[in-house]
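S.K.: Quick one: the structure is below, and I'll ask about it shortly.
Nothing in this text is a laboratory measurement; each read-out follows from the coordinates by a stated rule. Computed from a predicted structure; not experimentally measured. Virtual Cβ from ideal backbone geometry, glycine too; neighbours counted across all protein chains shown.
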Amino acid sequence: MIGKVFNSKSRIAHHILFWLGYILFYTIFWGSYEGNYWEQFLQVSFLMPWKIIPTYITLYYLMPKYLYPQKMGMFILLSVILAISVSIIDRYMTWRFLYRWFYWEEGHWKDPIWYFPKILNSLLRIYTPVFLAMAIKLQRFYYKKEQINKTLEKEKIETELKFLKAQIHPHFLFNTLNSIYSLSLKKSAETPDAVLGLSKFLDYMLYECNDKFITVEREWEQLMNLVELEKLRYGDDLTISTKLINDNNESLIPPLLLLPFVENAFKHGADNLISDSWINIDLRLENQKLQFMVENSKAPSQTSEGLDSDKNIGLKNVKRRLVLFFPDKHELKILEEPDSFLVKLEIDLSDLST
């Protein structure tokens with residue numbers, strides 16, 4: 001309420017300053033010819049109503065009702081009618097009063113009241129402030145419209161990102177619970193460790209993943225947590241190699257961005273029961289340029305269709321998140337060799353801001 005009152009008073013003050021500036025400008029402009037500033041002040045002030053009235057009719061009726069909704073025909077028609085009407089009134093007031101008060105000897109009052117050049121002169125004088133006020137109003141209108149569109153777009157993107165992040169949670173939990181279930185069927189002594197690892201992930205998802213960004217180092221820690229969970233499941237049947245080069249522990253990245261790639265490596269590289277399965281995970285962060293590579297073995301019968309299928313929620317999800325977070329700042333390649341899949345991601349983190 002206080003804000004509305006303040007804005008209303010501020011708007012009134014701006015309008016008063018606008019008209020005072022108009023009076024001052026034309027008083028000095030016309031008065032400088034003969035030094036009759038007081039007379040010019042009186043004349044400009046006397047004719048002010050025929051400038052104020054069309055200005056506010058245009059600003060607060062014609063523009064909102066016809067110009068903004070793009071009803072240009074009605075806007076132009078009514079503007080022309082208004083312009084002709086106030087020009088005739090201004091011409092009459094000038095001819096009937098000002099010429100007799102200030103220019104009796106010059107005989108301007110002897111010209112016919114409907115003298116067209118004089119009416120045209122009135123029109124130009126009237127619509128100088130009208131057009132100026134319209135320009136200011138339009139500039140503010142399109143600025144506010146742009147700000148609203150930016151806000152809506154930002155809210156839309158944030159909502160989509162939250163939805164995408166929410167998709168990751170059940171997808172990851174489903175896979176991890178399957179792993180723990182497999183261990184429990186085997187009555188493995190490593191089942192408690194798997195449950196503990198899952199609890200760490202849940203803590204990470206419930207608390208840290210609420211942040212828009214986390215450090216690359218923290219993301220790597222969670223990837224290694226996933227790797228340890230999967231090692232419990234696959235044991236010696238799977239060879240895993242990991243490598244990290246990080247020259248900046250403060251560099252930021254969206255949480256859970258890299259996780260789906262590692263999940264896919266286990267899904268397509270280990271779940272197919274290939275003998276001598278292997279996975280290589282390599283992350284390099286140098287000069288704010290991130291390179292992340294995940295390569296896994298595959299059976300000869302596997303194709304990249306499985307990697308990009310509609311059921312692959314994690315990969316579709318991460319592709320969309322990359323587009324939203326890093327437009328024109330990332331490159332993702334999924335390469336297929338006869339005996340392996342390779343995912344290579346490059347991201348420029350230099351412009352990332354919190």
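S.K.: Taking 7 Å along the Cα-to-C-beta vector as the label spot, tell me the Tyr61-Glu217 distance in nanometres, rounded to one decimal.
M.R.: Inter-label distance under the simple model: 6.8 nm.
S.K.: Collect residues whose amide H, placed 1.01 Å from N in the peptide plane, falls under 5 Å from the amide H of Ser277; neighbours closer than 5 in sequence don't count.
M.R.: Counting only residues 5 or more places away or on other chains, the set is Thr239.
S.K.: Within a Cβ distance under 14 Å of Leu62, other residues only, what is the Lys/Arg minus Asp/Glu net charge?
M.R.: Around Leu62, the charge tally is +3.
S.K.: Provide Phe97, Phe213, Phe266 in ascending order of the number of other Cβ atoms located within 10 Å of each residue's Cβ, fewest first.
M.R.: Final ranking by Cβ density, sparse to dense: Phe97, Phe213, Phe266.
S.K.: Related question: For Trp30, Trp38, Trp95, what ranking results if the residue with the fewest other Cβ atoms within 10 Å of its Cβ goes first?
M.R.: With the fewest neighbours first, Trp30, Trp38, Trp95 line up as Trp38, Trp30, Trp95.
S.K.: If you take every residue apart from Gln40 with its C-beta less than 14 Å away from the C-beta of Gln40, what net charge results, scoring Lys and Arg +1 and Asp and Glu -1?
M.R.: -1
S.K.: Once the other residues with Cβ under 14 Å from the Cβ of Leu77 are scored (Lys, Arg +1; Asp, Glu -1), what is the net sum?
M.R.: +2
S.K.: Going by amide H atoms built from the backbone, whose H comes under 5 Å of the H on Ile214, apart from near neighbours?
M.R.: Ile253
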